[in-house]
Each structure stands twice: as C-alpha cells, then as structure tokens.
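Here the structure comes first, spelled out in structure tokens, and everything after it is commentary.
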Amino acid sequence: MRFVTPKVRRVALIILAGALPQSSMAETTYIVDDRSLGDRSSPLGTSWRLVTDGVMGGVSQGQLTTETVDGRECLRLRGEVSLDNNGGFVQTMLDLSQEGSFDAAGYSGVEVTVYGNGETYNVHLRTSGLWLPWQSYRASFEATPAWTTLKLPFSEFVRYRTNKTLNLSKLKRLGIVAIGREFNADVCIAGVAFYR
C-alpha cells in the first residue's frame, strides 16, 4: 500500500479542485471579504479596523485605506513597524461574525489574495477561547509585488502565548499583521476566504 503524506494529499486536493466546474468551485470556499463593497466593510456585516502597538505603548505608525492597486480593489495596510517601547506591530483586523464566533471546522485553511512590497506578513486568528490580547494562532506569508492568491492551511498555524489548540468552531477574528521587526509595511488585500 502506498503512503500519501498530508502535504501530498493537500496538493492533490488543490489540483483536483482546479479541475472542478466553476459552480462547484464556488462551493469549496467561504468568502470572508472580496472587496465588492468598496469600503472597509465586509460581506459578513463587520468592518476592518486598524490597530497598532500604540494600544500598549509602542510607537509604530500605520494607516488603512481602500485603493485600486494594479487594477484591483483592495484594502491597503501601510506603516512603519518599530520595536521601540516594546512595540512591534501594525495590523488590520476583522471580526468574523456579528454574533461572536464563526464555525470554520469544515474548512482546511485561509486563502488570501495579496500584493505587497516583498516583505513577510502574518495572518493571525483569534478564537472566543482566548482572553489576552497578545494570544493568537499565526501563519506567515510573503507579499510579492504582484497579485498572488495564497493558501495557508490551518494545520500550519502556530500557537502564540497560549496552550490551547486552535478551535476552528470558535473563530472570532482574523488579522493581517506586519510584526516582529523594524520595517516599512505595505500590503494590499483583495480577498480573504476559507477554503475546503
């Protein structure tokens, strides 16, 4: 019997999904935001917010705008990440439900369509089981200067300052974050979804 690693199985599923008719493909993702509303609001009825380390005494500066970049409508997160005063982040975050939490247990990961300045950024997930503001589950990606759609499997998200396992049935918030080192952040987000 031939053993198939999870990574090979995941690639095979993505290849098979690519062969499905368009109507079937639409059912394999849950759109978190496709930027169709044109402002900071999402189809979930919640809105993207800008948060910097200033909430805990840091001095990083950021801004969140809606723009058209290389022909696509997007949210653009820009700023200067500074480690001064124990800081070190600029982020945009979105609540995934107006009622408190979203059940993503039937999905395999987060899909993001991004354009950036070649730097590494994070997707942070928070659940209703996390209480402290610095706790999260994190995965990194590189935002190249071309529109790219990336798939980040939930299995690759790493716990940060929590012992709790990621509970996909209790997702509360998703963030796109420039964090951890001094650099100029510039990342555009044209789409966020959960994929099967």
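Kindly check whether there is at least one residue in region 114-126 that is touching a helix residue (DSSP H, G or I) at 6+ places or on another chain (Cβ under 9 Å), on the phi < 0 side of the Ramachandran plot and surrounded by 14 or more Cβ atoms within 10 Å (Cβ to Cβ). Yes, region 114-126 has at least one match.
Each row is one residue, and each column tells you yes or no for (1) crowded, with 17+ Cβ neighbours inside 10 Å; (2) of a type in the set (G, A, S); (3) modelled with pLDDT of 95 or more; (4) out of contact with any strand residue (DSSP E or B) (no Cβ under 9 Å at 6 or more places or on another chain).
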{"position": "P21", "(1), (2), (3), (4)": "no, no, no, yes"}
{"position": "A26", "(1), (2), (3), (4)": "no, yes, no, yes"}
{"position": "V32", "(1), (2), (3), (4)": "yes, no, yes, no"}
{"position": "R35", "(1), (2), (3), (4)": "yes, no, yes, no"}
{"position": "R40", "(1), (2), (3), (4)": "yes, no, yes, no"}
{"position": "V55", "(1), (2), (3), (4)": "no, no, no, yes"}
{"position": "G62", "(1), (2), (3), (4)": "yes, yes, yes, no"}
{"position": "E73", "(1), (2), (3), (4)": "no, no, yes, no"}
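One residue stands out among those in region 166-193 that are among the β-branched types (V, I, T) and farther than 15 Å from R35 by Cβ: the one that is nearest to the chain's Cα centre (by Cα), which is V177.
Does G58 satisfy the condition of being in contact with a helix residue (DSSP H, G or I) (Cβ under 7 Å, 6 or more places away or on another chain) and more than 15 Å from R173 (Cα to Cα)?
yes
If you go through region 43-58 and pick out every residue that is in a loop (DSSP other than H, G, I, E, B) and farther than 19 Å from Y115 by Cα, you end up with 6. Within region 43-54, residues that are without any contact (Cβ under 8 Å) to a residue 40 or more places away in the chain sit with their Cβ atoms under 9 Å from residues that are surrounded by fewer than 16 Cβ atoms within 10 Å (Cβ to Cβ) and charged (D, E, K, R), at 6+ positions apart or across chains, in these pairs: P43/D34. Within region 93-113, restricting attention to residues that are of a type in the set (A, V, I, L, M, F, W, C) and part of a strand (DSSP E or B), the residue that is nearest to A190 (Cα to Cα) is V112.
Look at L83 and say whether it is under 15 Å from I189 (Cα atoms) and aliphatic (A, V, I, L, M).
Criteria not met by L83.
Residue check: is V158 within 11 Å of the chain's Cα centre (by Cα) and either of a type outside the set (D, E, K, R) or modelled with pLDDT of 95 or more (or both)? Judged against the criteria, V158 is not a match.
Of the strands (runs of 3 or more DSSP E) lying entirely inside region 124-194, the ones with 3 or more residues being in contact (Cβ under 8 Å) with a residue 24 or more places away in the chain are found at 136-142, 148-153, 171-179. Against the numbered list (1) crowded, with 20+ Cβ neighbours inside 10 Å; (2) out of contact with any Leu (no Cβ under 7 Å at 6 or more places or on another chain), G106 comes up short only at (1). Of the residues examined, L77 is one that is at pLDDT 95 or above and under 19 Å from H124 (Cβ atoms).
The values are calculated or read from the model by the stated rules, or taken from the named source; none is laboratory data. Please read these numbers as outputs of a predicted model, since none were measured by experiment. Because the Cβ atoms are built from the backbone with ideal geometry, glycine has one as well, and the counts that use them run over all protein chains shown.
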